[in-house]
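Following: one structure in structure tokens, then a few remarks.
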Amino acid sequence: MTEVYRQYMKMRNVEKAEEYLDKTIQLAHERNLKKFSAIAYYRRGMMYHGRSDYQKAEENYLVAVTEFSSIGNLDMEAGTYLNLGALYGSIPDYAKSLEVNQKAIAIFEKMGNETDMASCYTNISTIYQRLGNQSQALVYMKMALKVFAKESGNARGVAVVYELIGTNYFEASNHELMEMNVLPNQKVKLALEYYNKSLKIAETIDDKGIIATVKRDLADLYSSVGQKDAALKSYQKSIELSRTGDDKEAYASTLYALGNFYQKENDFENAISLLGNSLKIAEENRFLDIERDANLGLSTVYEKTKNYNKSLAYYRQYIAVRDKIFDQDKEKEITRRQMQVDFNVKERDYLLKQKLTEGELKRQQQELILKRQQLALSDKEKALDLLTFQKAKADLDIQRLAQEGKFAKAKYQAQLTASVKDKQISKQDQQIKFDKRIKLFLSVATILILIIAVVIFLNQRKTTRLNKIINTQKRELEHLSKVKDRIFSVVSHDMRTPVNSLISFMQLLEGGNIEQEKLNRYAASLKNNLTYTSTMMENLLNWAASQMQGFNPYLESLDIHYLTVEVIHSLQDGADQKQIRIHNLIPDQSFCKVDENMFSLVIRNLVSNAIKFTPIGGSIQISSLDIGQQQEIKISDTGVGLNPVQLNHFNKAGYLGAGVSTLGTNKEKGTGLGLLLCRTFVGLMDGNINASANPEGGSCFTITLKK
């Protein structure tokens, strides 16, 4: 239990630490083990002390003192008094702080523990420092430093005292400096010297708490003498170290100091951020002094930025907090004066006890000398008493022999009882070992069952995923099979007509009795059929190659304006026959990562479809739009367009084509594979294509490709 709650304390998990502390205390009380309950109360007091919850810390410390005293653990009793001294100094209640420090010193002196006595001296020096008596505080600091310095393992104590001495010099008034035999112009130099000594030791032992405190002290010092760069670096380092600590007041104070520094430097953005964070922490924890200063700082910043509404709002908050502090300060001043009187009384009482203790010691020494003289004079009386003693001893020897017999009998009975108890203990030990083996076996069996369950679950999930993939592939194959069947029906029907027409035309030519006009008409019809057949064969071969993964695109950065111009030239004759205007609005030097052949085939099919379904006198427009890392290409026409069902079918993720051709506005034939090829090849080029209705009538196909 003890180890568990200590681990939770290290992790700063207060709820769990409380839970196991309560269990430890309950178990210790049930088994009358006050050692463990006392330590638990002591550690809980330290936990709350570190979180500045002084009321709960005091309650636990006082219980710990009582229990340590009851079991005679003087070291821990005095250590708890030492912690209480630091706690009362933080509240502040200087009279109580001096009282418990006196108790701790008395115990440590009795034990010869100089190190912890030095810690008491440090607490007392802090009391004097807060009462404005820096000269007397320095006396106790030097007493503590003398003890810490001669012990090689107490570097932290030396660092703490050095920091206190530096602050003592820096905050001392001119009158107090004269009491310490220090000139006013020497205080900055002395403060800086002791701060640097403390910082050097703290960095050596990597104590982040002391480093953060000294950095803040140095920043205040540098700021007071105008060393802005050094002050800024020290403030930033102090904030970085104290951000994760438990001393929220120190963190809020450092945030305010740096925010005020930025405000003076007219860095308003950083000033507002830091002062706002300082105000938030101060409001949450009722640090009224910091709350007051942060409100005033924010009012000043917003006034400088000419945001007078916010400046006035923060100034009103400043006035409200200032009035609250003024009322509390009047009460505190009365309390402080009373405490100072109590403190002086306690201090005189302490010094008087010290003197009385020395006088009592001398009196006891004199009494000891007198007793020795009396003993020397009574040697003869002792010689006479010796005979009486020897007679009494003989009588006792007789009685002793009688008692030895009884003792031997009692010893044998005790051995017999012990033997029986040993057998019972051995049996219990065997039962405990057997229980441990059973528990171990059950634990291993449980782990194995869990592992098997996890493996079965993973296998089932994998099987489900594979079944989904197989079902998806099955649907795609079924759809492709339907497309293939439709394509074969188109090929079987549309290939037969041009071939038969070609045979009939060849027979007429062999007969030689055909008129020139009919010859021209038949030739034109045959050309149209063969052109359609050629286009169909090209699309069929391209589609078949793509389905057999025979097309591996070679993507490179190409000028799509140039490729589009070439496609338009190849289709210009068909457009001219229907008096259709093709506008290429793609700017020159528009580059995309495409496969040259695939891109040309996609544009050719889309433009060819636009010509096919656009009536005489219509227009086709090809444009592009730069959208960051992608290029958007639009092909729109003023033709008959696609109906909503066809648009929705084309834009679906699983579109595989219809396989059915529709006649154009001049009864032109198609293959039914053009849009399927466009969709397939755009996907191979890592792009996207979708269709929409053209607001001016007709269709609009949008292709998105990477640059």
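The values are calculated or read from the model by the stated rules, or taken from the named source; none is laboratory data. Computed from a predicted structure; not experimentally measured. Cβ placement follows ideal geometry from the backbone for every residue including glycine, while neighbour counts extend to all protein chains displayed.
Annotations for the structure displayed:
- Some residue of segment 152-171 being under 38 Å from the mean Cα position of the chain (by Cα), buried (at least 22 other Cβ atoms within 10 Å of the Cβ), among the aromatic types (Phe, Trp, Tyr) and more than 27 Å from Tyr81 (Cα to Cα): no
- Residues being among the charged types (D, E, K, R) and either under 28 Å from Thr115 (Cα atoms) or modelled with pLDDT of 90 or more (or both) are represented in segment 65-76 by at least one member.
- Among the conditions (1) free of Cβ contacts under 8 Å to residues at least 40 places away in the same chain; (2) over 26 Å from Arg243 (Cβ atoms); (3) of a type in the set (A, V, I, L, M, F, W, C), Leu131 misses just one, which is (1).
- Apart from one condition, Gln424 fits all of (1) more than 29 Å from Ser570 (Cα to Cα); (2) at pLDDT below 75; the exception is (2).
- Number of the condition not met by Leu192 [criteria: (1) within 23 Å of Thr254 (Cα to Cα); (2) touching a residue at least 40 places away in the same chain (Cβ under 8 Å); (3) surrounded by fewer than 20 Cβ atoms within 10 Å (Cβ to Cβ)]: (2)
- Test: residue in segment 228-235 that is surrounded by 22 or more Cβ atoms within 10 Å (Cβ to Cβ), farther than 26 Å from Met143 by Cα and modelled with pLDDT of 90 or more: yes
Here's the yes/no breakdown for (1) free of Cβ contacts under 8 Å to residues at least 60 places away in the same chain; (2) of a type in the set (Val, Ile, Thr); (3) within 23 Å of Glu696 (Cα to Cα); (4) surrounded by 14 or more Cβ atoms within 10 Å (Cβ to Cβ):
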position: Glu556; (1), (2), (3), (4): yes, no, no, no
position: Ala575; (1), (2), (3), (4): yes, no, yes, yes
position: Lys578; (1), (2), (3), (4): no, no, yes, yes
position: Ile586; (1), (2), (3), (4): yes, yes, yes, yes
position: Cys592; (1), (2), (3), (4): no, no, no, yes
position: Glu596; (1), (2), (3), (4): yes, no, no, yes
position: Ser600; (1), (2), (3), (4): yes, no, no, yes
position: Val607; (1), (2), (3), (4): yes, yes, yes, yes
position: Lys612; (1), (2), (3), (4): yes, no, yes, yes
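- Between Ile633, Ile689, the distinction of being of a type in the set (A, V, I, L, M), in contact with a Ser or Thr (Cβ under 6 Å, 6 or more places away or on another chain) and at pLDDT 90 or above belongs to Ile633 only.
- Search result, residues across segment 63-95 that are free of Cβ contacts under 8 Å to residues at least 12 places away in the same chain and part of a helix (DSSP H, G or I): Thr66, Ser69
- Condition met for Tyr162 (within 24 Å of Ala95 (Cβ to Cβ), part of a helix (DSSP H, G or I) and in the same structural domain as Ala202 (by TED's automatic domain parsing)): no
- Residue within segment 89-100 that is surrounded by fewer than 19 Cβ atoms within 10 Å (Cβ to Cβ), polar (S, T, N, Q) and not assigned by TED's automatic domain parsing to the domain that holds Leu177 present: yes
- Scanning segment 36-61 for residues that are closer than 17 Å to Gln26 by Cβ and not in a helix (DSSP H, G or I) returns no hits.
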